[in-house]
Amino acid sequence: MKTFLTELFTWWNGQTMGTRFFTWRKGIRVGEDEAGNVYWQDATGKRRWVIYNGYAEASAIPPGWHGWMHHRTDTPPTREDYRPRSWQKPHRPNPTGTAAAYRPKGSILADGTRPRSTGDYDAWTPG
């Protein structure tokens with residue numbers, strides 16, 4: 001019952017009832033990543049979608065699957081001996097809104113104090 005209500009009233013947690021129905025009718029399962037996200041496509045291969053394992057977070061898609069989802073490659077990582085390139089970093093969750101978020105120098109949330117004004121800035125004043 002909880003799964004039914006979650007699918008009926010939320011779009012950010014897994015899949016909705018509409019996505020479940022569409023996947024049941026037209027979906028061909030392509031594969032699953034290490035996070036448990038399941039990737040699908042239709043018979044023509046034009047539509048590709050992911051059903052997230054938990055909250056829908058686009059940054060949770062690994063680089064290999066990202067390329068397949070955005071039609072950069074036609075071969076998904078499950079059907080190919082996919083090896084990440086040397087320059088690819090491992091997946092890291094989006095830290096926005098957490099203590100690990102990027103806070104540039106001068107931000108009120110950053111550690112330290114803001115640098116003093118140097119006097120080289122003239123504020124705009126109307127007319």
Packing-based ranking, highest mean first, of 91-97, 73-79 given that Cβ atoms within 10 Å are counted: 73-79, 91-97
The range 62-127: chymotrypsin sites (Phe, Trp or Tyr not before Pro) falling in loop per DSSP and having at most 13 other Cβ within 10 Å: Trp87, Tyr102, Tyr121, Trp124
Label point at Asp42 placed 7 Å out along Cα→Cβ; residues across the range 63-93 whose backbone nitrogen lies under 20 Å: 68-76
Contour excess over end-to-end distance, with Cα ends at Lys26 and Asn94 and 0.36 nm allotted per residue: 21.4 nm
Low-density loop cleavage sites - GluC sites (Glu not before Pro) in the range 18-69, where at most 13 other Cβ are within 10 Å (DSSP): Glu34, Glu57
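Can you tell me how the range 23-96 classifies by the Cα gyration tensor, rounded, prolate or oblate, using a/c under 1.5 as the rounded cut?
oblate
Laboratory data are not the source of any read-out in this text; all were calculated from the coordinates shown. Note that the structure is predicted; figures quoted are calculated from it, not measured. Neighbour counts are summed over all protein chains in view; Cβ atoms, including those assigned to glycine, are modelled from backbone coordinates with ideal geometry.
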